[in-house]
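The values are calculated or read from the model by the stated rules, or taken from the named source; none is laboratory data. All figures in this text were calculated on a predicted structure; none of them were measured in a lab. Positions of Cβ are backbone-derived with ideal geometry, glycine not excepted, and every protein chain shown enters the neighbour counts. Remember, those area values only see protein heavy atoms, side chains included, never the ligands or the DNA or RNA. Shrake-Rupley method; radii C 1.70, N 1.55, O 1.52, S 1.80 Å.
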Amino acid sequence: MADARLKVFRGTIEGGALKDYQVPVFEGMVVLDAIHHIQAHDAPDLACRWNCKAGKCGSCSAEVNGKPSLMCMTRMDSLPAGRPIVVEPMRRFPLIRDLVTDVSWNYEINKRIKPFKPKPREADGTYRMQQMDVERIQEFHKCIECFLCQDTCHVLRDHRRYEFAGPRFMIRLATLAMHPLDTENRLREIKDQFGVGYCNITKCCTEVCPEDIHITDNAIIPLKERVAGEFYDPLAWLWRLVRGKKADQRSEVH
Amino acid sequence: MDNYEVCEHDVIVIGAGGAGLRAAIEASKEGVSVGLVCKSLLGKAHTVMAEGGVAAALAYADDRDNWQIHFRDTMRGGKMLNNWRMAQLHAQEAPDRVKELEEWGALFDRLPDGRISQRNFGGHRYPRLAHVGDRTGLEMIRTLQNHGIHQGIQVYMECTIVELLKEGDRIAGAIGYWRETGVFVVFRAKAVVLCTGGIGKAFRVTSNSWEYTGDGQALAYRAGADLIDMEFVQFHPTGMIWPPSVQGILVTEGVRGDGGILQNSKGERFMFNYIPEMFAAETADTEEEAARWLKGDKHARRPPDLLTRDVVARAIRSEVRAGRGSPHGGAFLNVYSQLPAEVIRKRLPSMYHQFKKLGDVDITSQPMEVGPTAHYVMGGIRVNPDTQESTVQGLFAAGEAAAGLHGANRLGGNSLSDLLVFGKRAGEYAAKYAKDRSSGPRIDEGQVREAQQTALAPFEGNGTENPYTLLRDLQTVMEEGAGIVRNKADLEQGLENLKKLVARHRDVKVEGSRHFNPGWHYAVDLRNLMTVSQAVALCALNREESRGGHTREDHPDSVTKWEQVNSVVRLRNGEMQLEHARRPDMPDELKALLTLPEGA
Ligand SMILES: Cc1cc2nc3c(=O)[nH]c(=O)nc-3n(C[C@H](O)[C@H](O)[C@H](O)COP(=O)(O)OP(=O)(O)OC[C@H]3O[C@@H](n4cnc5c(N)ncnc54)[C@H](O)[C@@H]3O)c2cc1C
Ligand code: SF4
Ligand code: SF4
Ligand code: FES
């Protein structure tokens, strides 16, 4: 098979540029294989993160041809042939080096979420839940914390509104809110501290989620509804309006 | 001397997978100050990749189950080489540890009566694995992580520990560097818990990540601790083999647990021809009986596709050798003829996704091609079964880095439970140990300096060895010398080649700066990988029998004499020493459990 050409971002916060590399292509190859090839042959110090190489750990997030993706799940043959493949770090986060960014902000947000507080066990020492009820939340538990949705969300990416916890943590908050065993109320924080109102339901986060979590429909909208229900916020009405107009919102924002 | 930062804690836990997180949570509960260090970001350890489930005799899915049978299955799976006390504690405590996860927010799949569902797995007599589809490890690590961050634990991410520090015979802490900056950091601590995982990177075809370079085992070894059972490496029978990009990626045993069958190129269910005597009484011998078992007939015996991993891996290899392999040198794993498509997608979503996306195979209508992949190391740091303390004072270990529980072969699902049971114990006893010491240890500048020099050596001098090339060569040496099937000549040659590699490693040279430099990181980790590889080969050469994960074609049988001893490796006078130590004697009441009548 023919070689592939890649343009990989090399540099630090002080500056950098795309650098050209050429790698041999083999059957089934993914972008992460190409990066590993470059490390082994051309640039041993090319910085990137990875662990599982199977879409399970969420380490290898980057922007491939401008699209936030997991490098280990992006097949070379899914990208347009004959054109160089551009690999860049996630843009939303401060650069550390090459493809590695500082995602520590996410860990800070997570710490601020009030922990799970379970109700007591049944008399026989078990918790009884129906599969149907846990499945709703299991969808959210599929999140591998790749932070691609955080990278994509325009509230964080373009407007740098860090009062908004971002889609990943809307998921986490929704998980807790819908957990059959949880007894904690976090609605005030969801509104004030985590800024659910900033989301204007563009669904761009959902589009990049490698786990196919319906972030907007299944997590954020229900959270917005709960918040609205609790606080009779006049804003609630406003976002209902916005929600009706999501189609033009999209083209407006992206 | 290079600058370094200092962080102080009562207990430092190295490794933030299931074992490390569980240890840190427990230590913190004991009221001591705890630091948790990991090479990757939090939540990215191997534990996140675990698929099939966590074994615990909850007896929800089948009320005939109990800890005694779990104990028996673990011992038989480990070919009796297990530390009986660990196997006992593990079987007894796993149910509580799993239930505790529910209290911290984990959501396992449910039975119709609302309790936790359990699935079948190789070597487990009854359905025993609590699971979440095929992403149990993700559920587990995220639960521990989200609980752990509220327990006052200080987390240090992307920090690689390069050496343990001692004061006299005791542990005094550890030294590492921040991967981001390359700056050194000394952790001063009364107790250290090693939860660094396995050694899979010693093999080219592996389900393990870059992190698995045997760091914990090598750190402990250099600090003077004993390693045991290092010859026992588990090759999981079902790794992906095609296309090349995915070689080694795991296909969960849950596929077979839920009904998947193995076939050769002629379409035969060859596992019926490989049933060892030890398991004959409880294994179905006809396809008809296997089919009844799948339908839930409690009197039917388990299909041979669910024999222990060592048996299945060898069977696949034999079929390939006999010319009945799949096109890319493995076997076919077929679940589509056994289960309806929607059930497959529901129970095995990530397998479905993985094959579809990476292998262009739709597992609901096509067979998977699978073959053995280096997966897990049964051997590791020798620990006290109750406290998890190593043979060095103040140094504890748990999880895959520690040894004893699994003997010669680990049963699927017994690792996740191992992490919980012994992670908790390690954290508890490390905290107690720390509390008993009033003053903090003294850091010896000489040791710090030496560790720094060793770590920085690849930047200096005019060596010519590339770390990536060295890694690849090491993997070739291990696959040829100490792989799935071994013999004396290959092992001797392997040890010779390893010596040469160690010499070449002295000439390793890295380019660039200390700022997030993966080439340098590999160069540092390779030193550990070489040490553990030597230990594997040395123990394998000297165990002249076949047992569990250790197969010698020149000594194909298991030998009673060898059942009595564990291989122990330690560093003395600059040399790797091997000793065969007698296995601790099992009390009679436990012995009786091993011969439980069928169906008991
Ligand atoms: C694909 C796959 C599927 C599996 N499925 C199952 C299953 O279904 N059931 C089951 O029971 N088992 C399963 N296993 C096995 C099980 O997942 C692992 O054995 C287990 O997760 C190991 O946990 P641990 O806590 O010991 O180590 P890990 O989770 O691997 O964590 C090791 C930690 O140590 C850190 N570390 C390592 N070296 C250093 C260093 N030098 N300095 C600082 N930190 C360091 C790493 O960063 C990491 O945080 C599976 C394994 C794989 C690979
Ligand atoms: S829907 Fe749009 S605004 Fe809302 S979180 Fe997702 S990307 Fe951000
Ligand atoms: S929600 Fe999806 S995109 Fe966002 S972090 Fe989780 S897995 Fe990644
Ligand atoms: S390496 Fe784990 S998701 Fe890509």
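Ignoring ligands and nucleic acids, what accessible area does A:K53 show with a 1.4 Å probe (Å², nearest 10)?
So the heavy atoms of A:K53 present about 30 Å² to solvent.
Less than 17 Å apart at the alpha-carbon level, and either on another chain or at least 8 residues along: which aspartates and glutamates does that give for B:K500?
B:E465, B:D473, B:E479, B:E480, B:D490, B:E492, B:E575
Measure nothing but the geometry: give the 0 to 90° angle between the long axis through the Cα atoms of B:136-148 and the longest principal axis through the Cα atoms of chain B, rounded to 10°.
Here the helix axis deviates by roughly 40 degrees.
A:V25 accessible area, nearest 10 Å², 1.4 Å probe?
Taking all protein chains as shown, A:V25 has close to 40 Å².
Rank these by accessible area, largest first, 1.4 Å probe: B:S438, B:S390.
B:S438, B:S390
With no solvent and one equal point scatterer per Cα, compute the Debye intensity ratio I(q)/I(0) for the stretch A:3-101 at 0.17, 0.21, 0.22, 0.24 Å⁻¹ and report its log10, rounded to two decimals.
-0.68, -1.08, -1.20, -1.45
As a test of the definition: with a 1.4 Å probe, what buried accessible area, both sides summed, do you compute for B against A, in Å² to the nearest 100?
When B and A are taken together, about 5100 Å² of accessible area is lost.
The stretch A:1-31 to the stretch A:61-90: how many Å between their Cα centroids?
So the separation of the two Cα centres works out to 9 Å.
Taking the convex hull of the Cα atoms, report for the protein assembly as shown its projected area averaged over all directions, in nm².
Computing the convex hull of the Cα atoms and averaging its projections yields 34.6 nm².
Just the ratio, please: alpha-carbon radius of gyration of the stretch B:500-600 over 2.2 N^0.38 Å, N its number of residues.
Computed over Cα atoms of the stretch B:500-600, the ratio equals 1.62.
Short version: which residues of the stretch B:498-522 lose at least 30 Å² of accessible area, all chains versus chain alone, 1.4 Å probe?
B:E511, B:H515, B:F516, B:P518
Nothing charged except the Cβ atoms of Lys and Arg (+1) and of Asp and Glu (-1): what's the magnitude of the dipole of the protein assembly as shown about its Cα centre? Round to the nearest 20 debye.
Dipole size: approximately 1200 debye.
Give the shape of the stretch B:236-373 as rounded, prolate or oblate, defined through the alpha-carbon gyration tensor: a ≥ b ≥ c are the square roots of its eigenvalues, a/c under 1.5 means rounded, and otherwise the shape is prolate if a/b is larger than b/c and oblate if not.
Verdict is oblate for the stretch B:236-373.
Run through the stretch A:151-196 and list the chymotrypsin sites (Phe, Trp or Tyr not before Pro) located in a DSSP loop whose Cβ has at most 16 other Cβ atoms within 10 Å.
A:Y162
For the stretch A:117-218, how big is the tail of P(r) above 22 Å, as a whole percent of Cα pairs?
Result: 35 percent of Cα pairs exceed 22 Å.
Accessible area, 1.4 Å probe, largest first: how do B:D96, B:D215 sort?
B:D96, B:D215
Return the lysines within reach of A:K142: Cα separation strictly under 19 angstrom, same-chain partners fewer than 8 residues apart disregarded; answer none if there are no such residues.
Cα-Cα hits under 19 Å: A:K53, A:K56, A:K203, B:K44, B:K346, B:K356, B:K357.
Can you return the lysines within cross-link range of B:K432? Criterion is Cα-Cα under 25 Å, with same-chain partners fewer than 8 residues away left out.
B:K29, B:K99, B:K166, B:K190, B:K424
Taking H as built 1.01 Å from N, whose amide H comes closer than 5 Å to the amide H of B:V13, not counting residues under 5 places away?
Under 5 Å from the amide H of B:V13: B:G35, B:L36, B:V37, B:V193.
222 nm [θ] for chain B, helices only, -39500 (n - 2.57) per DSSP H run of 4+, per residue, to 500?
So the calculated ellipticity at 222 nm is -11000 deg cm²/dmol.
Taking the radius of gyration and the Kirkwood hydrodynamic radius from Cα positions alone, what is the Rg/Rh ratio for chain B, to two decimal places?
Using Cα coordinates only, the ratio equals 0.95.
At 4 °C and a viscosity of 1.567 mPa s, what translational diffusion coefficient does Stokes-Einstein give for the stretch B:304-463, taking Rh as the Kirkwood radius over Cα pairs? Give it in µm²/s as a whole number.
63 µm²/s
Mind checking Rg over Rh on chain A, alpha carbons, Kirkwood formula for Rh?
Expressed as Rg/Rh, it is 1.03.
Is the stretch B:430-524 rounded, prolate or oblate when judged by the Cα gyration tensor, a ≥ b ≥ c being the square roots of its eigenvalues, rounded requiring a/c under 1.5 and prolate requiring a/b larger than b/c?
Oblate, since a/c reaches 1.5 and b/c is not below a/b.
When the accessible area of the stretch A:3-101 is split by element with a 1.4 Å probe, what percent falls to carbon and sulfur?
Carbon and sulfur together cover 51 percent of it.
Kindly report, to the nearest 10 Å², the accessible surface of A:Y198 as traced by a 1.4 Å probe over protein heavy atoms only.
90 Å²
Which one, B:G259, B:H328, B:S318, projects farthest toward the positive side of the charge dipole computed for the stretch B:227-338 from Cβ point charges (K/R +1, D/E -1)?
Ranked along the dipole, the leading option is B:H328.
Once all Cα-Cα distances of the stretch B:33-145 are split into 5 Å bins that start at 0, what whole-number percent is in each one?
Cα pair-distance distribution for the stretch B:33-145, in percent: 2, 12, 19, 21, 19, 15, 8, 3, 1.
Give the ranking of B:W562, B:W242 by solvent-accessible surface, highest area first, calculated with a 1.4 Å probe.
B:W242, B:W562
I want the antiparallel fraction of DSSP beta bridges within the protein assembly as shown, as a percent rounded to 5.
Roughly 70 percent of the beta bridges in the protein assembly as shown run antiparallel, per DSSP.
Counting only heavy atoms of the protein chains, get the accessible area per residue of chain B (1.4 Å probe) and round it to a whole Å² value.
Per-residue value: 32 Å².
Which value, in Å to one decimal place, does the Kirkwood hydrodynamic radius take for the stretch A:174-222 when every pair of different Cα atoms is included?
It works out to 11.9 Å.
Taking the Cα atoms of the stretch B:368-440, what is the range of coordinates along each of the three principal axes, in descending order and whole Å?
Its Cα atoms span 58, 20, 19 Å along the three principal axes.
Hey, how many Å between the Cα centroid of the stretch A:112-156 and the Cα centroid of the stretch B:249-295?
36 Å
What is the sum of charges, Lys and Arg at +1 and Asp and Glu at -1, for the other residues whose Cβ falls under 14 Å from the Cβ of A:S104?
+2
Could you work out the helix-only [θ] at 222 nm for chain A, with each DSSP H run of four or more residues adding -39,500 (n - 2.57) and the total divided by the number of residues, to the nearest 500 deg cm²/dmol?
-10000 deg cm²/dmol
Sort out for me the Cα centre separation of the stretch B:527-600 from the stretch B:57-74, rounded to whole Å.
Cα centres, the stretch B:527-600 to the stretch B:57-74: 26 Å.
Take the Cα pairs of the stretch B:328-374, get the Kirkwood Rh, then feed it into Stokes-Einstein at 4 °C and 1.567 mPa s and tell me D in µm²/s.
118 µm²/s
Rounded to the nearest 5, what % of the DSSP beta bridges within chain A are antiparallel ones?
In chain A, DSSP labels about 85 percent of beta bridges as antiparallel.
Out of all DSSP beta bridges in chain B, what portion is antiparallel? Express it as a percent rounded to 5.
If I count the DSSP bridges inside chain B, around 65 percent turn out antiparallel.
In degrees from 0 to 90, rounded to the nearest 10, what is the angle of the helix B:445-456 Cα long axis to the longest principal axis of chain B?
60 degrees
Just give the residues from the stretch A:46-64 buried by at least 10 square angstrom of accessible area in the all-chains context relative to the isolated chain, probe 1.4 Å, and say none if nothing qualifies.
Buried by 10 Å² or more upon assembly, which counts only protein chains, are A:A47, A:C48, A:R49, A:W50, A:N51, A:C52, A:K53, A:A54, A:K56, A:C57, A:S59.
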